[in-house]
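Below: one structure, written as C-alpha cells.
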Amino acid sequence: MKVDSLTEFLSIEYADASLLRNSPQQSRSRQSLEKILRTCGEIIDESGHAGVTTAEVAKRADMAIGTVYRFFPDRIALLLGVYDFMISRYIEIALDTFAEHPAETWQEAFTTLVESTCTARRTIPGYKATHYRILPDGPNESKYQERTGAYIDAVVGLLSQYDDVPSGPEWRDKVGISIELSRTMQRVAFDADPHGDPTLIAEAASVPLQYLSTYIDEVS
C-alpha cells in the first residue's frame, strides 16, 4: 500500500515553525531537543499544559534554561513544538503498523489510524492531552487549523488509493468529521479506562466507518 501522504505530512514545515530558532543538525542537539519535548509530555501528564513553562522544563530536564530558549523563544513556541512532536510520533506508529500489516481496504486503513492513536495514548507521555488543543482559541486558531487541515489531507490521500473511495471537497469534509468523531469517542474510552475501554475503542473506529460508508453509498 502507499503511505506517501503520511510521510509527506511528517516533512511539512509550518510557517510558525520558524519559532524553532535553531534546527538541530548535530546528534547532541537533536537529543537535547527531544529531551525537552519528552519532558514537556511528562509535565503535561502530571499537571496539565499549565505546568509547562520554559523554567520548569529546564529544571526537569536538568539543563540550562538557555538551552530551552535556544530552540524555543517562548512558551507558545514550546507548546506548539510539543504538539507537532506528539503528532509526528503517532504518525510513525501508524507507518510502522502499515509496514507490518498493509491495509487491503480503506476501512482497514482508517481502523489502523485509530488503533495507532490509541497506542500513542498508552505509550507517549502527554499525548492524551496534546491530542487535543494545548493552547486557547484566538491568535493561535490559525495554527491549529493549518495543522488539522494538513492531517485531514494526509488521511484523504491515504484512503484515495482504494477503488471505492470518492474524492472532492465534500468527501474531504466527511473525512474531517470522521476524524473528530473518532477522537471524541477515544477520549470517552480513555476517560472510562486508563488503558482505553475496549468496547468504546472499537466504536471509535466502527461509528466513523459507518458514517463514511453511508456517504459512499449515497454518492455511488
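A few notes on this one:
- All conditions in (1) farther than 16 Å from Trp106 by Cα; (2) of a type in the set (Val, Ile, Thr); (3) surrounded by 15 or more Cβ atoms within 10 Å (Cβ to Cβ) hold for Ile152, with the sole exception of (1).
- Lone qualifier among Glu104, Glu115 - being surrounded by fewer than 19 Cβ atoms within 10 Å (Cβ to Cβ), of a type outside the set (Phe, Trp, Tyr), at pLDDT 90 or above and assigned to a helix (DSSP H, G or I): Glu115
- Which numbered condition Glu141 fails, given (1) closer than 28 Å to Ile76 by Cα; (2) free of Cβ contacts under 8 Å to residues at least 40 places away in the same chain; (3) charged (D, E, K, R); (4) surrounded by 16 or more Cβ atoms within 10 Å (Cβ to Cβ): (4)
- Restricting the stretch 65-90 to residues that are charged (D, E, K, R) and in contact with a helix residue (DSSP H, G or I) (Cβ under 7 Å, 6 or more places away or on another chain), the residue that is surrounded by the most Cβ atoms within 10 Å (Cβ to Cβ) is Arg89.
- In the stretch 54-78, the residues that are more than 13 Å from Leu37 (Cβ to Cβ) form no Cβ pair under 7 Å with any partner that is of a type in the set (Asp, Glu) and not in a helix (DSSP H, G or I), whether six or more places apart or across chains.
- Checklist (1) surrounded by 15 or more Cβ atoms within 10 Å (Cβ to Cβ); (2) modelled with pLDDT under 95 applied to Ile93, failing item: (2)
- Of residues in the stretch 32-64 being hydrophobic (A, V, I, L, M, F, W, C), part of a helix (DSSP H, G or I) and surrounded by fewer than 16 Cβ atoms within 10 Å (Cβ to Cβ), the one nearest to the chain's Cα centre (by Cα): Ala50
Residue by residue, here is whether (1) under 17 Å from the mean Cα position of the chain (by Cα); (2) part of a helix (DSSP H, G or I); (3) at pLDDT 95 or above; (4) within 20 Å of Leu6 (Cβ to Cβ) holds:
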| residue | (1), (2), (3), (4) |
| --- | --- |
| Ile152 | yes, yes, yes, yes |
| Gln161 | no, no, yes, yes |
| Val175 | yes, yes, yes, yes |
| Ala204 | yes, yes, yes, yes |
| Val207 | no, yes, yes, no |
| Leu212 | no, yes, yes, yes |
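- Residue check, Gly81 under 17 Å from Phe9 (Cβ atoms) and of a type outside the set (Phe, Trp, Tyr): yes
- Qualifying position, being of a type in the set (D, E, K, R), under 24 Å from Leu95 (Cβ atoms) and out of contact with any helix residue (DSSP H, G or I) (no Cβ under 7 Å at 6 or more places or on another chain), among Glu141, Glu170, Glu180, Glu218: Glu180
- Hey, Arg187 among the charged types (D, E, K, R), modelled with pLDDT under 95 and either under 13 Å from the mean Cα position of the chain (by Cα) or loosely packed, with under 15 Cβ neighbours inside 10 Å (or both) or not: no
- Per this entry, Ala154 is not counted among residues that are under 30 Å from Ser47 (Cα atoms) and of a type in the set (Gly, Ala, Ser).
The values are calculated or read from the model by the stated rules, or taken from the named source; none is laboratory data. From a predicted model like this one, the values you see are computed outputs, not experimental measurements. Reconstructed Cβ throughout: ideal geometry from the backbone, glycine too, with neighbour counts over all protein chains shown.
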